[in-house]
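What follows is a short report on a single structure.
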Amino acid sequence: MMHPIVLHLVQAGTVTMPGHPLAGTTAANLLGLLPLLPFLGFVANGIVAMTAKQRANAAGESVVTTARHPLVTALGPGVIIAAFAVALVIFFGMQSVAARAPGLLDAPYISAGATWMHVGNLNITWSFQLDQLSILMVLVITGIGSLIHLFSVGYMRDDPGYARYFAYLNLFVAFMLVLVLGASYPVMFLGWEGVGLCSYLLIGFWFNDRANVEAGKKAFVVNRVGDFGFLIAMFLIWSTTQKLDFVGAHAALGGMAGTSAVMAIALFLFLGCAGKSAQIPLYIWLPDAMAGPTPVSALIHAATMVTAGVYLVARAAPIFSGAPEASLLVAVVGAVTALFAATIALRQWDIKKVLAYSTVSQLGYMFIAVGTGAYTAGVFHLVTHAFFKALLFLGAGSVIHSLHAAYHHTHRHEDAQDLRNMGGLSKFMPATFAAMTIATLAIAGVPPLAGFFSKDEILSSVFARAQSSPLANASLAGVSGSVVLYGVYVIGVLTALLTAIYMTRMLLLAFTGENRTGEAEQQALHEAPAVMTAPILGLALLTLIGGWLNLPKVMPVGPTGLLEHWLAPVTGASALKLAGRGEIAHQTELILIGVAVAIAFIGIAIAFALYRKPIADKAHASPDTGLAGVLAHAYNVDAGIDAVIVRPVNAFASGFLTRGFDVVLDRTFSVGGGLFSRAAGLVGNRLQDGDVGKYAWMVAAGAIVMLAAFTLA
Amino acid sequence: MINEALIVSAILFSIGVLGVLTRRNAIILFMCAELMLNAVNLSFVALAKLHGVTGHVFVVMVMTIAAAEAAVGLAIVISVFRQFGTVEMSALRTLRG
């Protein structure tokens with residue numbers, strides 16, 4: 001016999017949307033387990049980290065370390081793999097329901113949750129939303145997350161903060177799942193802030209180095225600007241519709257398309273996206289975020305967290321499709337960011353900086369897609385980019401790990417991330433080289449790899465919309481949408497060319513030619529252990545076949561448009577609003593594909609021409625002068641921001657707030673208060689001299705004063 | 001009649017207050033305090049003519065408490081004398097803060 005309250009709780013989780021075909025199924029019942037599993041992992045690993053005792057490290061010294069802690073090794077990746085298994089069960093549950101009859105899953109499944117806040121008619125619950133978009137994101141997060149957690153077991157095994165690392169990484173996955181599963185803006189915002197926190201903690205993971213701490217702080221502060229936009233957007237949504245859940249708010253805002261309120265909401269939401277997804281002008285934190293451990297860069301700063309902005313635009317598609325000007329702005333910002341970051345990546349020597357600017361550039365591509373209403377293309381590129389960019393980062397991590405070990409071996413202090421210290425690594429790390437080559441070809445856009453299909457779909461969607469669509473009829477700052485979209489297309493093609501160049505450059509510098517690491521160090525260079533190469537090869541496989549998710553219609557073989565079909569209930573209507581029914585002719589589409597492939601090969605050829613002749617050693621590398629210097633220093637944007645914003649704020653804070661305001665307040669209240677009470681104490685001390693007669697006088701005088709006061713009043 | 005009684009009461013009270021403020025001998029301080037209490041008693045009795053028997057009740061009450069207070073107070077004076085050898089209040093300064 002179950003207690004009535006327990007019964008009520010059990011039912012609350014299941015029998016909530018009696019009309020929905022998913023209600024009561026295993027898929028719906030398991031939903032809450034998704035964020036819970038990583039969270040429990042966080043708690044367990046956190047306890048291990050907090051209660052760490054002195055142990056012997058690899059060198060035999062007795063230090064406080066959790067390196068290679070068996071419980072952490074089991075639980076850290078274990079909970080994520082378990083969450084991935086749960087996600088698969090839910091996905092196949094949805095598949096089986098969808099297969100029963102078409103249209104069954106057109107409405108999202110919303111789980112009931114306990115009340116979070118209830119004030120007046122504002123009632124926010126801990127509800128999760130299960131639909132085609134959220135389960136796709138969950139699969140990407142837990143799937144790639146599992147591989148990266150496994151990689152981390154090898155990468156971080158000798159780190160004293162092993163348990164702390166996995167605690168943070170588990171917590172990140174938990175918050176990321178809350179972000180994509182939340183059924184309302186506030187719940188999503190909670191995840192949004194949570195992943196920001198974990199990002200901060202993991203960027204500054206090695207906090208003994210001041211630069212890492214500064215980088216973490218920078219990421220946090222820059223993200224605050226974006227979060228401010230997200231918050232304002234939420235306030236606006238609430239004040240316009242009195243609703244904050246996706247279904248209700250989007251239904252209400254859908255009927256207000258074209259109004260300035262919808263426009264403002266879309267713009268403020270995009271400010272939030274620009275912060276989280278590192279778009280101009282808020283991209284500056286992402287290159288610095290590479291200070292964290294490399295698997296963190298792979299998971300958080302390439303595959304998942306930074307794509308949250310793209311997810312948000314796709315999730316809020318009904319809002320953005322109601323504001324075509326805002327959508328055009330999203331596309332333009334994406335295009336400018338893509339080109340800008342790609343040019344910087346051309347002249348970076350730090351292997352992780354190349355990948356960081358490449359990530360910013362590829363995120364720009366995704367915003368081009370979602371900005372032009374090609375939500376499927378944007379999400380498709382999000383998924384394929386997660387495959388190949390995670391692969392690139394893990395490969396880079398494997399290289400750095402090897403070089404670091406080599407320099408550690410000979411006690412030389414050289415930069416393990418500098419491309420000028422690499423070269424010829426294909427001899428030492430063949431598996432990593434093979435995987436990195438696949439990823440480089442994919443990101444350059446060589447068919448039939450994943451990146452080719454997603455990038456091509458973005459570019460052809462932009463072209464199609466530029467030809468004729470409701471979006472082309474809108475205008476941005478007086479320029480017609482059609483012109484804007486053709487411009488975005490040209491920038492996109494140009495960026496694709498640069499992408500092919502800088503990625504091939506990185507690959508050639510790191511893996512071909514003579515080795516520049518050092519004579520003694522070469523002995524210590526080695527392929528990474530299996531626990532690190534296995535995830536790399538897994539991602540390489542995904543990169544090879546990822547394109548099958550959404551093959552273009554002109555493909556002669558294979559299933560076309562799987563993802564398009566799958567996401568149609570979520571974003572189909574919004575995409576239609578911006579894109580219309582116009583399709584480009586097959587002839588044109590084939591030409592576009594031809595252009596994309598040609599661009600990729602031209603880029604690779606240019607890179608070969610420039611970097612085939614390997615540099616002999618660091619001193620022979622071409623110096624960073626002129627334009628190369630400008631690019632190597634990333635257009636000096638950081639210095640500019642330092643001069644325009646950071647230093648004036650610091651000067652204001654120390655000059656006025658600290659030395660002026662704070663000191664005056666201190667003098668008045670703390671120093672002044674102290675003086676006053678000391679003076680009062682001196683007087684009181686003199687009065688209370690033990691002479692009872694004097695006390696009597698004072699009582700009498702007081703009585704007379706009071707009598708006088710009462711009488712006169 | 002009441003006016004005269006109240007004037008006498010005020011004079012007695014003022015003498016008591018002045019005594020407490022100016023004299024330093026503990027016994028005399030006591031006598032002055034008693035003087036103030038009895039000044040109040042006199043005004044109670046006088047005003048009872050206007051406001052009924054409540055005033056009389058208060059007088060009996062005050063006399064009782066004054067007796068108790070005198071008993072306790074004189075006992076304290078005797079202990080003070082045993083301790084310090086004097087009952088001059090100006091000589092007793094141990095309450096100094």
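The values are calculated or read from the model by the stated rules, or taken from the named source; none is laboratory data. Please read these numbers as outputs of a predicted model, since none were measured by experiment. FYI the Cβ positions are ideal-geometry reconstructions off the backbone, even for glycines, and counts take in every protein chain you see.
Looking at A:Val48, A:Val6, A:Val43, just one residue is modelled with pLDDT under 90 and part of a helix (DSSP H, G or I), and that residue is A:Val6. Considering only segment A:683-690, I want to know if a residue exists there that is among the basic types (Lys, Arg) and either exposed (fewer than 10 other Cβ atoms within 10 Å of the Cβ) or more than 10 Å from chain B (Cβ to nearest Cβ) (or both). Looking through segment A:683-690, at least one residue is among the basic types (Lys, Arg) and either exposed (fewer than 10 other Cβ atoms within 10 Å of the Cβ) or more than 10 Å from chain B (Cβ to nearest Cβ) (or both). Remark: A:Val663 falls outside the filter, which requires a residue to be of a type in the set (Val, Ile, Thr) and within 14 Å of another protein chain (Cβ to nearest Cβ). Evaluation of A:Gly660 against the conditions (1) over 30 Å from A:Ser361 (Cα atoms); (2) surrounded by 12 or more Cβ atoms within 10 Å (Cβ to Cβ); (3) modelled with pLDDT of 85 or more; (4) of a type in the set (Gly, Ala, Ser) shows that the sole unmet condition is (3). Figure legend. Inter-residue proximity from segment A:224-248: first residues free of Cβ contacts under 8 Å to residues at least 24 places away in the same chain, second residues surrounded by fewer than 17 Cβ atoms within 10 Å (Cβ to Cβ), beta-carbon distance below 8 Å, spacing 6+ or different chains. Indicated pairs: A:Thr241/A:Gly248; A:Thr241/A:Ala252; A:Lys243/A:Ala252.
In segment A:489-520, of all residues being among the small types (Gly, Ala, Ser) and surrounded by fewer than 24 Cβ atoms within 10 Å (Cβ to Cβ), the one that is nearest to A:Gln467 (Cα to Cα) corresponds to A:Gly513. Looking only at segment B:1-39, count every residue that is away from chain A (no Cβ under 14 Å) and either under 22 Å from B:Ile78 (Cα atoms) or not hydroxyl-bearing (Ser, Thr, Tyr) (or both) and tell me the total. Residues meeting the conditions: 17. Kindly indicate whether A:Ala278 is in contact with a Pro (Cβ under 8 Å, 6 or more places away or on another chain), within 30 Å of A:Gly395 (Cα to Cα) and small (Gly, Ala, Ser). No.
If you go through segment A:150-172 one residue at a time, do you hit one that is outside any helix (DSSP H, G or I), surrounded by 21 or more Cβ atoms within 10 Å (Cβ to Cβ) and β-branched (Val, Ile, Thr)? No, segment A:150-172 has no match at all.
Looking at segment A:424-527, the helices (runs of 4 or more DSSP H) lying wholly inside it that each contain 3 or more residues that are touching a Lys or Arg at 6+ places or on another chain (Cβ under 9 Å), farther than 30 Å from A:Glu414 by Cα and not hydroxyl-bearing (Ser, Thr, Tyr) sit at A:470-473, A:481-511. Report yes if some residue within segment A:367-381 is farther than 30 Å from A:His565 by Cα and out of contact with any Asp or Glu (no Cβ under 9 Å at 6 or more places or on another chain); otherwise report no. No, segment A:367-381 contains no residue that is farther than 30 Å from A:His565 by Cα and out of contact with any Asp or Glu (no Cβ under 9 Å at 6 or more places or on another chain).
Among the candidates B:Gly85, B:Gly55, B:Gly73, the residue that is away from every other protein chain (no Cβ under 13 Å), surrounded by fewer than 11 Cβ atoms within 10 Å (Cβ to Cβ) and of a type outside the set (Phe, Trp, Tyr) is uniquely B:Gly85. Summed over segment A:647-674, residues that are among the basic types (Lys, Arg) and closer than 29 Å to A:Lys218 by Cβ total 2.
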